[in-house]
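Report on one structure; see the data block that follows.
The values are calculated or read from the model by the stated rules, or taken from the named source; none is laboratory data. Note that the coordinates shown come from a computational prediction; the quantities given were computed from them, not determined experimentally. Backbone-built Cβ (ideal geometry, glycine too); neighbour counts: all protein chains shown. Areas reflect the complete protein model, heavy atoms only, side chains present, ligands, DNA and RNA absent. Shrake-Rupley method; radii C 1.70, N 1.55, O 1.52, S 1.80 Å.
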Amino acid sequence: QVQLVESGGGLVQPGGSLRLSCAASGIRFKSYGMGWFRQAPGKQREWVAGITVGSYTNYADSVKGRFIISRDNSKNTMYLQMNSLKPEDTATYYCNVAAFGQNYWGQGTQVTVSS
């Protein structure tokens, strides 16, 4: 079965950095585009960034220039490098893949940006 496991979240001060990881199993990882989403308390889940099979990337305007999405097909892992973090980046971050006609999500990793 498809499994996505996020890691790397934590508490960081404004202006700091974190790198999130998403380890995938149950799919031929290199054959799928993937994405990062986030959900803040009381808000809807929103798309953050996406990466295609060919490693073409795209970002939400709110994170463009600060976040970098990447993938390592040899490790079946996707990353989100988050720089210049702001309090409004505080959320649970989820990785996502659409495969076999379904959307799959990880359990999420909490990112808190606070002084």
### Query
Ignoring ligands, DNA and RNA, what percent of the 1.4 Å accessible area of the chain is carbon and sulfur?
47 percent
## Note on the structure
Sorting Arg66, Arg19, Arg28 on solvent-accessible surface, 1.4 Å probe, most exposed first, gives Arg28, Arg19, Arg66
### Task
With an 8 Å cut-off on Cα pairs and a minimum separation of 6 or more residues, tell me the relative contact order of the range 9-115 in percent.
37 percent
### Sequence of Glu88, Glu46 when ordered by accessible area, the most exposed leading, probe 1.4 angstrom
Glu88, Glu46
### Nearest-20 debye value, the chain charge dipole, Cβ charges on Lys, Arg, Asp, Glu
180 debye
### Per residue solvent-accessible surface (Å²) - the chain, probe of 1.4 Å
53 Å²
### Lysine-lysine proximity count for the range 28-115, Cα under 23 Å, sequence distance 8 or more or distinct chains
4
